[in-house]
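The values are calculated or read from the model by the stated rules, or taken from the named source; none is laboratory data. Just so it is clear, the model here is predicted, and its values are computed rather than measured. Please note: Cβ atoms are built from the backbone with ideal geometry, for glycine as well, and neighbour counts cover all protein chains shown.
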């Protein structure tokens, strides 16, 4: 069965951006529960769990129709959380590399304008979901908001970075003050993962 990937930081390292208790709850309860339900669905349907978990976005339509919504929801709950953890790090706050920064500047004029548009996309998101920076082609990017646990991989995009806009991600720290949550996100954002995947081939090009 698939295992929960380790966090790239300890629970307490994200203080004061997110409380230690909030991170533990988010990781050990919410994400772990998505993984448990996903594994149960896969075992029930005799899926080969030796394959990379992302491969499910290529093969989900082979599952019974009634299973697919729960499969994609729980798969996204695992994949999206993993990306969120890679998008923040209080000790490795890597900026975008030159290639990614050039693309940000081309599509969004400058880094500050990119942050403003990213934040606005998050504030405009209705209900629960995520806001992503995605690669749509080798040198093209865009900001994309998706509801619930939808993943950009479902639409053929390569996710580079994201923020979790589910209430459980921020409420213990910020209550309903989404703007403060978003502003503080940029204090610990880490583009290291985004840099790697912006300069490598997309998920869709891999066999």
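Points worth noting:
- Matching entry among 67, 43 (being surrounded by fewer than 20 Cβ atoms within 10 Å (Cβ to Cβ), more than 22 Å from residue 7 (Cα to Cα) and in contact (Cβ under 8 Å) with a residue 40 or more places away in the chain): 43
- Count of the stretch 8-25 residues which are touching a residue at least 24 places away in the same chain (Cβ under 8 Å), crowded, with 18+ Cβ neighbours inside 10 Å and within 18 Å of residue 190 (Cα to Cα): 3
- Taken as a whole, the condition of being out of contact with any strand residue (DSSP E or B) (no Cβ under 8 Å at 6 or more places or on another chain), more than 30 Å from residue 58 (Cα to Cα) and either modelled with pLDDT under 95 or in a strand (DSSP E or B) (or both) does not apply to residue 119.
- Filtered residues of the stretch 109-127 (kept if touching a helix residue (DSSP H, G or I) at 6+ places or on another chain (Cβ under 7 Å) and over 16 Å from residue 189 (Cα atoms)): 123
- Of all the criteria given as (1) out of contact with any helix residue (DSSP H, G or I) (no Cβ under 8 Å at 6 or more places or on another chain); (2) surrounded by 14 or more Cβ atoms within 10 Å (Cβ to Cβ); (3) farther than 26 Å from residue 171 by Cα, the one not satisfied by residue 59 is (2).
- Being closer than 28 Å to residue 184 by Cβ, buried (at least 19 other Cβ atoms within 10 Å of the Cβ) and either touching a helix residue (DSSP H, G or I) at 6+ places or on another chain (Cβ under 8 Å) or in contact (Cβ under 8 Å) with a residue 40 or more places away in the chain (or both) is a description that applies to residue 81.
- Flag if residue 74 is loosely packed, with under 15 Cβ neighbours inside 10 Å and at pLDDT 95 or above: no
- Which listed residue is under 28 Å from residue 23 (Cα atoms) and assigned to a helix (DSSP H, G or I), from 75, 99: 75
- Comparison of 182, 133, 101 shows that the only residue that is more than 30 Å from residue 60 (Cβ to Cβ), in contact with a helix residue (DSSP H, G or I) (Cβ under 9 Å, 6 or more places away or on another chain) and surrounded by 18 or more Cβ atoms within 10 Å (Cβ to Cβ) is 182.
- Per-region count, the stretch 123-166, residues touching a residue at least 12 places away in the same chain (Cβ under 8 Å), within 15 Å of the chain's Cα centre (by Cα), over 16 Å from residue 83 (Cα atoms) and not in a loop (DSSP other than H, G, I, E, B): 1
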